[in-house]
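Values in this text are rule-based calculations from the coordinates and carry no lab data. Computed from a prediction, not measured in an experiment: that's the story for all the values here. Neighbour counts are summed over all protein chains in view; Cβ atoms, including those assigned to glycine, are modelled from backbone coordinates with ideal geometry.
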Amino acid sequence: MKRLLLLLVALALPAVAQQQQPPGADPNFKPLPERKDVVSWKLLAQVELVKMKDRYVPQFATGVSSLDQKQVKVQGFMMPLEMGDKQTHFVLAAMPQTCAFCMPGGPESMVEVKTRTPVKYTFDAVVVSGKLTVLKDDPTGIFYRLTEAEPAK
């Protein structure tokens, strides 16, 4: 499972530097509307990759760092990591996936989610709440993880 997550993030890393819509993305896609009760993808995108010694590490804006270990809501599109119509471990992305081989963005536009109970897979946007961890040095390359998550409205 970690290999799959690492592969997903590795494929998405070029999009971090480009900060543009990924190849294969629907040009008619409209970003999710901003909600005051949900962490904004614009806020989560406030991260820079900084070279430290022989590798790059994320450097988060103060607003992002302040969310670490806080209970939050995030809205996005499910990218399942396992087979089945109910998911307990998936990636939530700011944009919908347009094909099985196309990443919808870089690691700043994705949150790894681990839920308490299975969530039914859907192509529509979902909202989940849980404890957000801002990952400064995760070996899989992911920047954000939501644990103890549950579906929310």
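Of the trypsin sites (Lys or Arg not before Pro) found in the range 98-130, no site is in coil according to DSSP while having at most 12 other Cβ atoms within 10 Å of its Cβ.
Restricting the range 89-153 to chymotrypsin sites (Phe, Trp or Tyr not before Pro) that sit in a DSSP loop and have at most 11 other Cβ atoms within 10 Å of their own Cβ leaves F101, F123. In order along the range 142-153, phi translates into HN-Hα couplings of 7, 9, 9, 9, 10, 10, 6, 7, 9, x, 9, 10 Hz, rounded to whole numbers, per the Karplus curve 6.51 cos²θ - 1.76 cosθ + 1.60 with θ = phi - 60° and x for Gly and Pro.
Amide H contacts of A152: V127, V128, S129, each under 5 Å away and 5 or more positions distant or on a separate chain (H built 1.01 Å from N in the peptide plane; Pro and chain starts excluded).
Net charge of the neighbourhood of Q69, taken over other residues with C-beta under 13 Å away and scored Lys/Arg +1, Asp/Glu -1, is +2.
Rounded to the nearest whole Hz, the Karplus-based 3J(HN,Hα) values (6.51 cos²θ - 1.76 cosθ + 1.60, θ = phi - 60°) of the range 45-61 follow the sequence 6, 7, 9, 10, 8, 10, 6, 10, 6, 9, 8, 9, 10, x, 10, 8, 5, with x at glycine and proline. Going by a ≥ b ≥ c, the root eigenvalues of the Cα gyration tensor, does the range 77-153 fall in the rounded group (a/c under 1.5), the prolate group (a/b larger than b/c) or the oblate group? Oblate, since a/c reaches 1.5 and b/c is not below a/b. Applying the criteria of a DSSP loop state and at most 15 other Cβ atoms within 10 Å to the trypsin sites (Lys or Arg not before Pro) of the range 35-66 yields R35, K36, K53.
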